[in-house]
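Student: My questions all concern the structure below.
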Amino acid sequence: SLQRGYAGVKQNLTEELAKMPAENFSFKPGPAPELRTFGMLFGHVANAQFGSCAAALGQPNPNQGHNLETEATTKEALTKALADSFALCDKAFAGLTDQNAMEMVKQEQNEIARSALLANVVVHSNEMYGTASVYMRAKGLVPPSTERQSQMQRGGGPGRGNPGR
(Lines give C-alpha, C1' and ligand atoms only; values in the text may rest on other atoms or scores of the structure.)
Protein backbone atom coordinates (compact mmCIF):
# COMPACT_ATOMS: atom_id res chain seq x y z
CA SER A 1 0.00 0.00 0.00
CA LEU A 2 2.93 2.37 0.62
CA GLN A 3 4.25 1.71 -2.86
CA ARG A 4 0.80 2.36 -4.35
CA GLY A 5 0.44 5.60 -2.35
CA TYR A 6 3.88 6.69 -3.46
CA ALA A 7 3.09 5.98 -7.12
CA GLY A 8 -0.06 8.10 -6.86
CA VAL A 9 1.58 11.12 -5.26
CA LYS A 10 4.53 10.86 -7.66
CA GLN A 11 2.10 11.06 -10.58
CA ASN A 12 0.15 13.93 -9.01
CA LEU A 13 3.18 16.08 -8.18
CA THR A 14 4.89 15.44 -11.51
CA GLU A 15 1.75 16.36 -13.46
CA GLU A 16 1.04 19.37 -11.24
CA LEU A 17 4.52 20.78 -11.76
CA ALA A 18 4.26 20.23 -15.53
CA LYS A 19 0.82 21.82 -15.73
CA MET A 20 1.65 25.13 -14.01
CA PRO A 21 2.98 27.70 -16.50
CA ALA A 22 6.56 28.82 -15.81
CA GLU A 23 5.50 32.43 -15.25
CA ASN A 24 3.47 31.31 -12.19
CA PHE A 25 6.36 29.66 -10.33
CA SER A 26 6.96 32.85 -8.33
CA PHE A 27 3.25 33.08 -7.37
CA LYS A 28 2.17 32.85 -3.76
CA PRO A 29 -1.44 33.26 -2.61
CA GLY A 30 -0.86 36.16 -0.24
CA PRO A 31 1.65 38.70 1.07
CA ALA A 32 2.77 36.83 4.20
CA PRO A 33 6.56 36.47 4.07
CA GLU A 34 6.43 32.89 5.40
CA LEU A 35 4.39 31.69 2.41
CA ARG A 36 6.34 29.73 -0.17
CA THR A 37 6.04 30.46 -3.86
CA PHE A 38 4.64 27.69 -6.08
CA GLY A 39 8.19 26.83 -7.15
CA MET A 40 9.48 26.80 -3.58
CA LEU A 41 6.85 24.17 -2.69
CA PHE A 42 8.44 21.79 -5.18
CA GLY A 43 11.97 22.61 -4.03
CA HIS A 44 10.76 21.80 -0.52
CA VAL A 45 9.33 18.46 -1.68
CA ALA A 46 12.58 17.55 -3.44
CA ASN A 47 14.64 18.52 -0.36
CA ALA A 48 12.44 16.38 1.89
CA GLN A 49 12.41 13.41 -0.46
CA PHE A 50 16.18 13.45 -0.92
CA GLY A 51 16.69 13.42 2.85
CA SER A 52 14.10 10.80 3.70
CA CYS A 53 14.75 8.41 0.84
CA ALA A 54 18.52 8.55 1.33
CA ALA A 55 17.93 7.69 5.01
CA ALA A 56 15.63 4.80 4.04
CA LEU A 57 18.37 3.48 1.77
CA GLY A 58 21.05 3.98 4.42
CA GLN A 59 23.13 6.23 2.20
CA PRO A 60 24.29 9.85 2.35
CA ASN A 61 21.85 12.47 1.09
CA PRO A 62 23.02 13.34 -2.45
CA ASN A 63 21.49 16.79 -2.02
CA GLN A 64 23.31 17.52 1.26
CA GLY A 65 24.37 21.15 1.47
CA HIS A 66 21.83 22.34 -1.10
CA ASN A 67 18.50 24.05 -0.51
CA LEU A 68 16.38 23.52 -3.60
CA GLU A 69 13.72 25.91 -2.26
CA THR A 70 16.07 28.79 -2.95
CA GLU A 71 18.57 27.34 -5.46
CA ALA A 72 16.16 25.87 -8.01
CA THR A 73 14.04 28.78 -9.21
CA THR A 74 13.07 27.92 -12.79
CA LYS A 75 10.52 25.40 -13.99
CA GLU A 76 13.32 23.47 -15.70
CA ALA A 77 15.49 23.33 -12.56
CA LEU A 78 12.57 22.36 -10.33
CA THR A 79 11.40 19.69 -12.78
CA LYS A 80 14.90 18.18 -12.71
CA ALA A 81 15.17 18.43 -8.92
CA LEU A 82 11.81 16.75 -8.40
CA ALA A 83 12.59 14.01 -10.95
CA ASP A 84 15.98 13.38 -9.33
CA SER A 85 14.39 13.12 -5.87
CA PHE A 86 11.80 10.71 -7.25
CA ALA A 87 14.56 8.60 -8.84
CA LEU A 88 16.12 8.18 -5.39
CA CYS A 89 12.74 7.48 -3.79
CA ASP A 90 11.91 4.95 -6.52
CA LYS A 91 14.85 2.89 -5.22
CA ALA A 92 13.79 3.28 -1.60
CA PHE A 93 10.19 2.25 -2.23
CA ALA A 94 11.18 -0.60 -4.58
CA GLY A 95 13.50 -1.92 -1.87
CA LEU A 96 10.80 -1.97 0.81
CA THR A 97 9.83 -5.52 1.76
CA ASP A 98 7.85 -7.21 4.48
CA GLN A 99 11.19 -8.37 5.87
CA ASN A 100 12.85 -4.93 6.13
CA ALA A 101 9.82 -2.70 6.76
CA MET A 102 10.31 -2.64 10.52
CA GLU A 103 14.10 -2.30 10.47
CA MET A 104 15.26 0.84 12.19
CA VAL A 105 17.11 3.34 10.01
CA LYS A 106 18.94 6.50 11.03
CA GLN A 107 17.23 9.78 10.20
CA GLU A 108 19.38 12.67 11.35
CA GLN A 109 19.89 12.11 15.11
CA ASN A 110 17.01 9.65 15.50
CA GLU A 111 16.03 6.18 14.40
CA ILE A 112 12.74 5.30 12.73
CA ALA A 113 11.24 2.19 11.15
CA ARG A 114 11.93 2.19 7.40
CA SER A 115 8.21 1.80 6.63
CA ALA A 116 7.29 4.72 8.91
CA LEU A 117 9.90 6.91 7.23
CA LEU A 118 8.53 6.05 3.78
CA ALA A 119 4.95 6.52 4.98
CA ASN A 120 6.01 10.03 6.06
CA VAL A 121 7.28 10.66 2.51
CA VAL A 122 3.83 9.80 1.12
CA VAL A 123 2.02 11.88 3.74
CA HIS A 124 4.25 14.95 3.35
CA SER A 125 4.23 14.80 -0.44
CA ASN A 126 0.42 14.52 -0.46
CA GLU A 127 0.25 17.51 1.88
CA MET A 128 2.40 19.54 -0.50
CA TYR A 129 0.31 18.38 -3.48
CA GLY A 130 -2.80 19.68 -1.71
CA THR A 131 -1.11 22.98 -0.90
CA ALA A 132 0.08 23.44 -4.49
CA SER A 133 -3.45 22.60 -5.69
CA VAL A 134 -4.71 25.74 -3.93
CA TYR A 135 -2.11 27.75 -5.85
CA MET A 136 -3.25 26.14 -9.12
CA ARG A 137 -6.91 26.88 -8.44
CA ALA A 138 -6.02 30.50 -7.61
CA LYS A 139 -4.58 30.66 -11.16
CA GLY A 140 -7.70 29.08 -12.67
CA LEU A 141 -6.16 25.64 -13.19
CA VAL A 142 -7.59 22.26 -12.22
CA PRO A 143 -5.25 19.97 -10.26
CA PRO A 144 -4.32 16.74 -12.08
CA SER A 145 -6.08 14.31 -9.70
CA THR A 146 -9.31 16.29 -9.99
CA GLU A 147 -8.95 16.40 -13.75
CA ARG A 148 -8.48 12.61 -13.92
CA GLN A 149 -11.49 12.05 -11.64
CA SER A 150 -13.64 14.32 -13.84
CA GLN A 151 -12.56 12.37 -16.93
CA MET A 152 -13.53 9.11 -15.21
CA GLN A 153 -16.96 10.46 -14.34
CA ARG A 154 -17.47 11.52 -17.96
CA GLY A 155 -16.52 8.02 -19.09
CA GLY A 156 -13.08 9.00 -20.36
CA GLY A 157 -11.27 5.98 -18.97
CA PRO A 158 -10.20 4.56 -15.65
CA GLY A 159 -7.62 7.22 -14.76
CA ARG A 160 -5.51 6.92 -11.65
CA GLY A 161 -6.99 9.65 -9.51
CA ASN A 162 -8.07 9.40 -5.92
CA PRO A 163 -11.83 8.77 -5.76
CA GLY A 164 -13.61 11.18 -3.50
CA ARG A 165 -11.10 13.99 -3.92
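The values are calculated or read from the model by the stated rules, or taken from the named source; none is laboratory data. Model, not experiment: these values are computed from the prediction. All Cβ positions, even for glycine, are placed from backbone atoms using ideal geometry, and neighbour counts span all protein chains on display. For the accessible areas, the whole protein counts, side chains as well, though only heavy atoms, and no ligand, DNA or RNA atoms are used. Shrake-Rupley method; radii C 1.70, N 1.55, O 1.52, S 1.80 Å.
Student: Just to check I understand the Karplus step: with θ = phi - 60° and J = 6.51 cos²θ - 1.76 cosθ + 1.60, what whole-Hz values come out for region 81-98, glycine and proline as x?
Tutor: Once rounded to whole Hz, the list reads 4, 5, 4, 5, 5, 5, 4, 5, 5, 4, 5, 5, 6, 5, x, 6, 10, 4.
Student: Once you have a ≥ b ≥ c as the square roots of the Cα gyration tensor eigenvalues for the chain, tell me rounded if a/c is under 1.5, and otherwise prolate or oblate according to whether a/b is larger than b/c. Write out the running numbers ahead of the final one.
Tutor: Numbers: a/c = 2.21, a/b = 1.26, b/c = 1.75.
Taking the square roots of the gyration eigenvalues as a ≥ b ≥ c, the chain is oblate.
Student: For Asn100 and Thr79 in one chain, what is 0.36 nm times their gap in residues minus the Cα-Cα distance, to one decimal in nm? Write out the running numbers ahead of the final one.
Tutor: Working: separation 21, 0.36 × 21 = 7.56 nm, distance 3.11 nm.
Result for the pair: 4.5 nm of gain on full extension.
Student: For region 105-145, take N as its residue count and report Rg(C-alpha) divided by 2.2 N^0.38 Å.
Tutor: 1.64
Student: Let me ask something additional. Give me the dipole magnitude in Debye, nearest 20, for region 37-119 about the Cα centre, with unit charges on the beta carbon: positive for Lys and Arg, negative for Asp and Glu. Present the calculation step by step, with values, prior to reporting the outcome.
Tutor: Numbers: 5 positive and 9 negative charges, 17 e Å.
Computed charge dipole of region 37-119: roughly 80 debye.
Student: A further question on this structure: For region 32-165, build the charge dipole from Cβ charges (+1 Lys, Arg; -1 Asp, Glu) around the Cα centre, then report which of Ser85, Met152, His44 sits farthest towards its positive end.
Tutor: Ranked along the dipole, the leading option is Met152.
Student: Ignoring ligands, DNA and RNA, what percent of the accessible area of the chain is carbon or sulfur (1.4 Å)?
Tutor: The computed percentage sits at 53.
Student: Shifting gears a bit: Could you give the dipole magnitude of the chain about its Cα centre, charging the beta-carbon of Lys and Arg +1 and that of Asp and Glu -1, in debye to the nearest 20? The partial results should precede the final answer.
Tutor: Values: 16 positive and 15 negative charges, 123 e Å.
Once rounded to the nearest 20, the dipole reads 580 debye.
Student: At 1.4 Å probe radius, can you tell me the per residue accessible area of region 15-89 in Å²?
Tutor: Values: 3500 Å² over 75 residues.
Ligands and nucleic acids excluded, the result is 47 Å² per residue.
Student: Please list the non-local residues whose amide H lies under 5 Å from the amide H of Val105, H modeled 1.01 Å from N, same-chain partners needing a gap of 5 or more.
Tutor: Ile112, Ala113, Arg114
Student: Using only the Cα atoms of region 1-42, build the gyration tensor, take square roots of its eigenvalues as a ≥ b ≥ c, and label the shape rounded, prolate or oblate: rounded if a/c is under 1.5, else prolate if a/b is larger than b/c, else oblate.
Tutor: Working: a/c = 4.52, a/b = 1.93, b/c = 2.34.
Judged from the Cα gyration tensor, region 1-42 comes out oblate (a/c at least 1.5, b/c at or above a/b).
Student: For region 44-69 and region 82-107, what is the centre-to-centre distance using only Cα atoms, to the nearest Å?
Tutor: Each part reduced to its Cα centre gives a spacing of 12 Å.
Student: Longest segment of the chain with no GluC sites (Glu not before Pro) in a DSSP loop having at most 16 other Cβ atoms within 10 Å? Spell out each step's value before the answer.
Tutor: Numbers: sites that count: Glu34, Glu103, Glu108.
Within the chain, the longest run free of exposed GluC sites (Glu not before Pro) spans 35-102.
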